[in-house]
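Asker: Below is the structure I would like to discuss, written out as structure tokens.
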Amino acid sequence: MSTNDHRQHRRSFLTGLGAIACADLLSGATKQPHFTPKAKRVIQIFCPGGVSHLDTFDYKPELIQRSGQALPGGDKDVTFQGANGNLMRSPWDFQPCGQSGKYVTKMLPHLSRRVDDMAFIHSMISRSNTHGPACVAMNTGFVFEGFPSAGAWLSYALGSESDNLPAYVAIPDIRGIPPSGPANWSSGFLPAEHQGVAFNAVDPIRNLELPASVTASGDSDTRDFAQFLNSRHAARHPGDSELQARIASYSLAARMQLSAPEVSNLGAESKATLDLYGANDANPLIAAYAKNCLLARRLVERGVRYVQLFCASRASGVDGLLNWDAHKTLKADYERHLPILDRPTAGLISDLEARGLLKDTLVIWTTEFGRMPTHQEGTLGRDHNPDASTVWMLGAGVKKASSWGVTDDFGRRVAENPTTVYDFWATVLHLLGLDHEKLTWYHNGINRRITDVHGHVIKALLA
């Protein structure tokens, strides 16, 4: 046998072992839900900073009429940042939209055309009035870091529909990461392979390119040998989930060298599609978020199970310049932020619908808490309000043009059907064919779940 034959034989042997190991790692990559699902995948749009429900989707005529007066009972409120002033109406008018006549701010002209597809929850209650813990609570069910995010739970429960892309991708805004950063897409105590892979349309996945000093054949030989060593070690330590996750991660990374550049190639999209999202908008922040929205569609189209799409980032002090945290100058802040959210998000929904993806894709829009109906004393902004906020969902299995929960006349507190993050995720999981009480992981003596020991499916929002 020649030297080349020996090399071929060795490589075939090692590749075969690698294939066996990879098959073991990927066996059950697509798992069965508890019951027939309505949705197969999720796009979660998260707006960190605490979006004001009173200036977007929760119309309060009484707040308009009594703007400038004291909030009844407001003197007893414990505030987050300084004293509250009087009631303050929204700087913009609301208008009835769609056949349902749902009132939405005039500052969202594109999204307002989709209200007949949406199911609103106007009675969300947060477990914290501080950004970091509230963001983590919205995404993991717990105010403390170290728990799995919803995307990680879904990756664990259902696996991936793609061999070449991760089950879970987090797309940070170009302005930065949200409060508590990667804790929002952490795998927590679940195996590490279920954490979100973070990249966006501007900042692609790092370290995928082969260094100039390494040849393709040398890289292949090294990978084959490493696979052999990893597989042998994994066989000797079958309970080591960190090792299994690392092997799966490296194997996936190798395949992503081909798939990731393709999925990130927005230049392959038509001009009409780019215009639909606003990817070429003169406002660089609109264009950047639009490209991230387009990337989200391309990811779910190629089998990614859960995409977490961020619109904004951490706060910059209290001036609101980097997110929705409009403590001082709400009107100026939201006149920057609302157009960034509006057209690209509406374009994403329309594109999903046109491509037939919306029938089995669930789109959810979330934020960590709402804002006060009063202005902060000495400012024209609103303080945090953990007692009331609005979120919405649309797509697979969602009852169109529906609403759940009501806030009081001023939007200060929930008046009907208070809703927790546990109820929200119980409903999302139900649409994915998962019983939230059965989706558990044994950790530190407890069968943990994203809904802790709480949660009820909101059946009124189901189609």
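The values are calculated or read from the model by the stated rules, or taken from the named source; none is laboratory data. Model, not experiment: these values are computed from the prediction. Reconstructed Cβ throughout: ideal geometry from the backbone, glycine too, with neighbour counts over all protein chains shown.
Asker: So the check is Cβ under 9 Å with 6+ separation or different chains; which pairs have a first residue in segment 296-308 that's closer than 13 Å to Leu358 by Cα and free of Cβ contacts under 8 Å to residues at least 40 places away in the same chain and a second one that's crowded, with 24+ Cβ neighbours inside 10 Å and among the polar types (S, T, N, Q)?
Answerer: none
Asker: Every residue in segment 290-311 that is touching a Phe, Trp or Tyr at 6+ places or on another chain (Cβ under 6 Å) and in a helix (DSSP H, G or I), please.
Answerer: Result: Ala290, Cys293, Leu294.
Asker: On to the next question. Just one of (1) modelled with pLDDT under 80; (2) part of a loop (DSSP other than H, G, I, E, B); (3) buried (at least 17 other Cβ atoms within 10 Å of the Cβ) trips up Ala212, so point out which.
Answerer: (3)
Asker: Here is a further query. If I ask for residues that are touching a residue at least 60 places away in the same chain (Cβ under 8 Å) and not charged (D, E, K, R), which ones from segment 338-351 would you list?
Answerer: Here is the first cut: in segment 338-351, the ones touching a residue at least 60 places away in the same chain (Cβ under 8 Å) are 338-339, 341-351.
Listed by number, the residues that qualify are Leu338, Pro339, Leu341, Pro344, Thr345, Ala346, Gly347, Leu348, Ile349, Ser350.
Asker: Let me confirm something: among Ser112, Ser186, Ser160, Ser123, which residue is surrounded by 24 or more Cβ atoms within 10 Å (Cβ to Cβ) and touching a strand residue (DSSP E or B) at 6+ places or on another chain (Cβ under 8 Å)? Before you say what the answer is, go through the steps one by one.
Answerer: Details: Ser112 fails: surrounded by 24 or more Cβ atoms within 10 Å (Cβ to Cβ); Ser186 fails: touching a strand residue (DSSP E or B) at 6+ places or on another chain (Cβ under 8 Å); Ser160 fails: surrounded by 24 or more Cβ atoms within 10 Å (Cβ to Cβ).
Exactly one of Ser112, Ser186, Ser160, Ser123 is surrounded by 24 or more Cβ atoms within 10 Å (Cβ to Cβ) and touching a strand residue (DSSP E or B) at 6+ places or on another chain (Cβ under 8 Å), namely Ser123.
Asker: Ser100: within 18 Å of Glu353 (Cβ to Cβ), more than 17 Å from the chain's Cα centre (by Cα) and surrounded by fewer than 23 Cβ atoms within 10 Å (Cβ to Cβ), yes or no?
Answerer: Values: within 18 Å of Glu353 (Cβ to Cβ): yes; more than 17 Å from the chain's Cα centre (by Cα): yes; surrounded by fewer than 23 Cβ atoms within 10 Å (Cβ to Cβ): yes.
So Ser100 passes the test.
Asker: Right, something else. In this structure, does Arg66 turn out to be among the charged types (D, E, K, R), more than 30 Å from Cys311 (Cα to Cα) and modelled with pLDDT of 95 or more?
Answerer: On the way: among the charged types (D, E, K, R): yes; more than 30 Å from Cys311 (Cα to Cα): yes; modelled with pLDDT of 95 or more: yes.
Criteria met by Arg66.
Asker: Got a number for residues in segment 353-379 being part of a helix (DSSP H, G or I) and either small (Gly, Ala, Ser) or surrounded by 23 or more Cβ atoms within 10 Å (Cβ to Cβ) (or both)?
Answerer: The initial filter retains those residues of segment 353-379 that are part of a helix (DSSP H, G or I), namely 353-354.
Still in the list and also either small (Gly, Ala, Ser) or surrounded by 23 or more Cβ atoms within 10 Å (Cβ to Cβ) (or both): 354.
Of the residues in segment 353-379, 1 are part of a helix (DSSP H, G or I) and either small (Gly, Ala, Ser) or surrounded by 23 or more Cβ atoms within 10 Å (Cβ to Cβ) (or both).
Asker: If you don't mind, there's one more thing I want to ask. Could you go through segment 183-203 and let me know if any residue there is at pLDDT below 75, aromatic (Phe, Trp, Tyr) and closer than 30 Å to Gly141 by Cα. Spell out the reasoning first.
Answerer: So in segment 183-203, the residues at pLDDT below 75 come out as none.
Checking segment 183-203: not a single residue is at pLDDT below 75, aromatic (Phe, Trp, Tyr) and closer than 30 Å to Gly141 by Cα.
Asker: Listed residues Asp116, Asp58, Asp75; which is in a helix (DSSP H, G or I), of a type in the set (D, E, K, R) and touching a Gly at 6+ places or on another chain (Cβ under 6 Å)?
Answerer: Asp116
Asker: Separate question: Any residue in segment 263-277 that is surrounded by 11 or more Cβ atoms within 10 Å (Cβ to Cβ) sitting within a Cβ distance under 6 Å of a residue that is part of a helix (DSSP H, G or I) and not hydrophobic (A, V, I, L, M, F, W, C)? List the pairs, counting only those 6 or more apart or interchain.
Answerer: Every condition considered, the pairs that remain are Val263/Arg298; Leu266/Lys291; Leu276/Gly347; Tyr277/Pro344; Tyr277/Gly347.
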